[in-house]
1. What's the total number of residues in region 25-35 that are open to solvent by less than 40 Å² (accessible area, probe 1.4 Å) and either modelled with pLDDT of 95 or more or farther than 19 Å from L72 by Cβ (or both)?
2. Spot the failing condition for E8; the list is (1) charged (D, E, K, R); (2) surrounded by 18 or more Cβ atoms within 10 Å (Cβ to Cβ); (3) assigned to a helix (DSSP H, G or I), and only one is missed.
3. State all residues of region 53-93 that are touching a helix residue (DSSP H, G or I) at 6+ places or on another chain (Cβ under 8 Å), part of a helix (DSSP H, G or I) and of a type in the set (D, E, K, R); if no residue qualifies, say none.
4. I need every pair where a residue in region 149-173 that is touching a residue at least 24 places away in the same chain (Cβ under 8 Å) and among the β-branched types (V, I, T) has its Cβ under 6 Å from the Cβ of a residue that is outside any loop (DSSP other than H, G, I, E, B) and surrounded by 11 or more Cβ atoms within 10 Å (Cβ to Cβ), sequence separation at least 6 or different chains.
5. For the list (1) open to solvent by 20 Å² or more (accessible area, probe 1.4 Å); (2) closer than 28 Å to T127 by Cα; (3) at pLDDT 95 or above, I need the number of the one condition that D45 fails.
6. Inspect region 88-111 for any residue being modelled with pLDDT under 95, basic (K, R), open to solvent by 40 Å² or more (accessible area, probe 1.4 Å) and farther than 19 Å from W178 by Cβ and give the result as yes or no.
7. Considering region 131-167 alone, what residues qualify as being open to solvent by 70 Å² or more (accessible area, probe 1.4 Å) and of a type in the set (A, V, I, L, M)?
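The values are calculated or read from the model by the stated rules, or taken from the named source; none is laboratory data. Source: prediction; values computed, not measured. No Cβ is skipped: glycine too gets one built from the backbone with ideal geometry, and neighbour counts run over all protein chains shown. Note: accessible area is taken over every heavy atom of the protein model, side chains too, but ligands, DNA and RNA are not part of it. Shrake-Rupley method; radii C 1.70, N 1.55, O 1.52, S 1.80 Å.
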Amino acid sequence: ENDLIILELLRLMGTDSSADIRIAALDNICICAQSLTAVVERIRDIKPDVRVAALRALKKGNVTVRHLSAALRAQVIQYGLNDRNDKARQAARELVVEWVEGLDCKVAKLFHFLNLHSNRVDIDQATDHCSHVGWSIMHEIDTGNGNLISASLRQNARDDSPDWDAGFEALTPADILWAVVRCEYARQCF
């Protein structure tokens, strides 16, 4: 908490006028409880290269979806996947794909962590975040170079479907939304 190096890197990352200094701070910061929120905040930096560095720092720091609060997850999805810069969007996709792979390659599990029904997140906003995630993953499968999406994620994304035979009440909101997103994506593409 009082580590002078982490405190100085946090200061440089958040206040230095040079994008190169902010990037260097992100490249060298230890991802821990004290730095996690500040790193996620850099996803909104004015410079695209700093935003990319922040997303890559999260990936390099092995930050899983479980490490982030609902608000921080929402920031990564909202600002990362909607970034106007191609490199930043790609870095966000890579992080989100890594999150899904850490959840047994089940996109619906990630949707559950995006809080469709809890943690005071607006339901429309949560649904939008899930849709962005689903579309990004499906788009990456269809147009990506193949290196980002593993074979098991590709298989699960295309073939995983809710157990409709178990009855509607057995389905989670995440299961249903994943099925809807996949159908919407297919409808838009064909």
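1. 2
2. For E8, the failing item is (2).
3. Correct list: R56, K59, R66, R73, K87, R89, R93.
4. I149/E140; I149/I141
5. (1)
6. yes
7. Within region 131-167, just A151 meets the criteria.
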